[in-house]
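Everything on this sheet refers to the single structure shown next.
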């Protein structure tokens, strides 16, 4: 297949380009001018320089493509001004999906986030895993990033229902592994651990998934996914508390895991002050308020639908952490001795 990929220089995008090429597909990739292209080095693909706001370019370059993967997005838990991120994630999604529809793409895979999946109300001594039927409520959409992706996913659903576009939605959980060059906020947690910058932890819960499984899930969605459906790309064994995650990193690295649990109310106060300071200094806060507020509920997910319908692989999360650590160490992200 000839595939058009947006966001090709990002963590998911670069790994997706690599996997598509490895499977014998042809790739045309949209890359912003000046983007960090370390993840694309050595890969043979057709480059398109531009962005998701150039509708004419999108329509022109998608002509003749069989599949479109819209991976591009602005992923920040803190910014001085959020309007550009909202525009990229919402308006950019509409531009890309409409262009793919007009170009005649047979499959359009839109990369959303598990943050758009609703979290069931907590029960005493029991956590219900969230699945694709749950819709996030306003009080669960912490921060501009989640809000922008929620609106973008609504655009994708609208274009499927009203315009009949062949849209399939994938919702990755917390991908980790090689190639997170920026790194993403998710990867930054691991980098901070490796550099001894985590004096305490919150009683949060995340679903960790290997980046390879995520990109394979994208391709399987194009091959087998049902139009208008969404698929959680996560790991059934990856629903860990942060304490479990740090313990695994301690086991892999030999570095001490943080032992002190920080009360949520105190962490929120610190994050509020940190963000106020960051607005004036321009230096991102160590712990964005949106990230802290995610700890209010365990973000644990059921990927059963993607496993059953797509055949989503399930690389053990321990391997994902080990691969991420090895990549960060090999690429100069660890500063402490």
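A few notes on this one:
- Estimated from the Cβ-Cβ distance and a Förster radius of 35 angstrom, the FRET efficiency linking residue 154 and residue 251 is about 0.30.
- Were the residues from residue 26 through residue 200 laid out at 0.36 nm apart, the gain over their Cα-Cα distance would be 58.0 nm.
- Most simply put, the chain has about 15% antiparallel DSSP beta bridges, counting only bridges with both residues inside it.
- MRE, 222 nm, helices only [DSSP H, n ≥ 4, -39500 (n - 2.57), over the chain, to nearest 500]: -12500 deg cm²/dmol
- Given their separation in residues at 0.36 nm each and the Cα-Cα distance between them, residue 229 and residue 192 gain 9.7 nm when the chain is fully extended.
- Modelled this way, with points 7 Å down the Cα-to-C-beta line, the labels at residue 82 and residue 44 are 4.5 nm from one another.
- Zone residues, segment 170-194, relative to residue 237, backbone N less than 20 Å from point 7 Å out along Cα-to-Cβ: 173-178
- Label-to-label distance for residue 53 and residue 280 is 3.1 nm, based on points extended 7 Å past Cα in the beta-carbon direction.
- For segment 1-143, the orientation-averaged shadow of the C-alpha convex hull comes to 10.8 nm² (one quarter of the hull surface).
- The angle separating the long axis of helix 211-224 from the principal Cα axis of greatest extent in the chain is about 30 degrees.
- Once the Cα atoms are used to define both axes, helix 92-103 deviates from the longest principal axis of the chain by about 30 degrees.
- Cα Rg, Dmax (largest Cα-Cα span) when computed across segment 85-156, Å: 14.8, 51
- For segment 254-304, the orientation-averaged shadow of the C-alpha convex hull comes to 5.8 nm² (one quarter of the hull surface).
- Using a cutoff of 8 angstrom between alpha carbon atoms and counting only pairs six or more residues apart, the relative contact order for segment 133-249 works out to 33 percent.
- Segment 266-337 shape via C-alpha gyration tensor axes, a/c threshold 1.5: oblate
- At 0.890 mPa s and 25 °C, Stokes diffusion of segment 203-274 via Kirkwood alpha-carbon radius, µm² per second: 161
- Packing order of peptides 94-105, 278-289, 66-77, highest average first: 66-77, 94-105, 278-289 (average count of other Cβ atoms within 10 Å over each peptide's residues).
- Angle between the chain longest axis and helix 143-163 axis [Cα atoms, degrees, rounded to 10]: 30
- Burial ranking of peptide ranges 156-166, 234-244, 203-213, 35-45 (average Cβ count within 10 Å, highest at the top): 203-213, 234-244, 156-166, 35-45
- Put simply, the C-alpha atoms of segment 78-197 give a gyration tensor, and the ellipsoid matching it has half-axes of 27, 21, 15 Å, longest first.
- Between residue 125 and residue 182, the simple spin-label model (points 7 angstrom out along Cα→Cβ) gives 4.2 nm.
- Largest first, the extents of the alpha carbon coordinates of segment 23-93 on the three principal axes equal 41, 27, 21 Å.
Values in this text are rule-based calculations from the coordinates and carry no lab data. What you are looking at is a predicted structure, and each value in this text was computed from that prediction instead of being measured. Don't worry about glycine lacking a Cβ; one is built from the backbone with ideal geometry, like all the others, and counts go over all protein chains shown.
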